[in-house]
Every structure is written in C-alpha cells, then in structure tokens.
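Q: The structure's right below; bear with me while I get my questions together.
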Amino acid sequence: MPFDSQYTPESITLEEVTHSQGPLLLEFGTNWCGFCQAAQPHIKAAMESYPGVEHVKVEDGKGRRLGRAFGVKLWPSLIFLKDGKEITRLVRPDNRSDIEDSLTKIQ
C-alpha cells in the first residue's frame, strides 16, 4: 500500500484496527505539526521497501478517541500492528532506519 500523505480525522475505528489482518502502521499526528512534517521523508522512504504494509494516517487531537485508546501523547506517533495487536511504536522518529526496523517486526 502506498505512503499516505495526509492525516484524516478518524479514518479508521478502534474496532477496525483490532480486527485488522496483516501488518498495519497507524501514524498519529496533524498536517500542521512541525515534528510530523519533519518525519515524513523518513516514513515515506521506509514505506517504499514495505509495500505490503497498510499505512493509515490519523489526525489526532483533543477528543479524538483512537489516539486516546492508544495513549498517544506526542506527534507523530507510529503504532506498528500485526493482526490487530500492537507490536511496537515509535514517537517522533527522526531516521529511516528506526522505522524500517519496526516495519520488519510486523512482516
């Protein structure tokens, strides 16, 4: 699945996440966040090597249930899941290597 370029409010539900099959990367953040913008080239580059991983960008903020369900406090937060279960997470990633290491854990 290609790199998703925009955060979308509540684009996936907790029920959909917990019942998902295969590898899934949830990325929480906002389009205006400087940390989120700085991480995008690293995330995009890492995702190119993992076309089988679904990538969903979820706009986070006050009152956003999915982010609260995952305990998101800082952006961007990358949650790596396999078959609906969290395997690992990265908060404010600043390099491609760490993201790729986490992607290998959900393959």
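Q: G63 versus (1) touching a Ser or Thr at 6+ places or on another chain (Cβ under 9 Å); (2) at positive phi; (3) of a type outside the set (V, I, T); (4) at pLDDT below 95: which is the lone unmet condition?
A: Answer for G63: the failing condition is (1).
Q: Looking at segment 39-54, is at least one residue assigned to a strand (DSSP E or B), farther than 19 Å from T104 by Cα and in contact (Cβ under 8 Å) with a residue 12 or more places away in the chain?
A: Within segment 39-54, none of the residues are assigned to a strand (DSSP E or B), farther than 19 Å from T104 by Cα and in contact (Cβ under 8 Å) with a residue 12 or more places away in the chain.
Q: Taking segment 62-107, which residues are within 18 Å of A39 (Cβ to Cβ), touching a helix residue (DSSP H, G or I) at 6+ places or on another chain (Cβ under 8 Å) and of a type in the set (V, I, T)?
A: T88, I99
The values are calculated or read from the model by the stated rules, or taken from the named source; none is laboratory data. In this text, all values refer to a predicted model and were calculated from it rather than measured experimentally. Glycine gets a Cβ as well: all are built from the backbone with ideal geometry, and neighbour counts include every protein chain shown.
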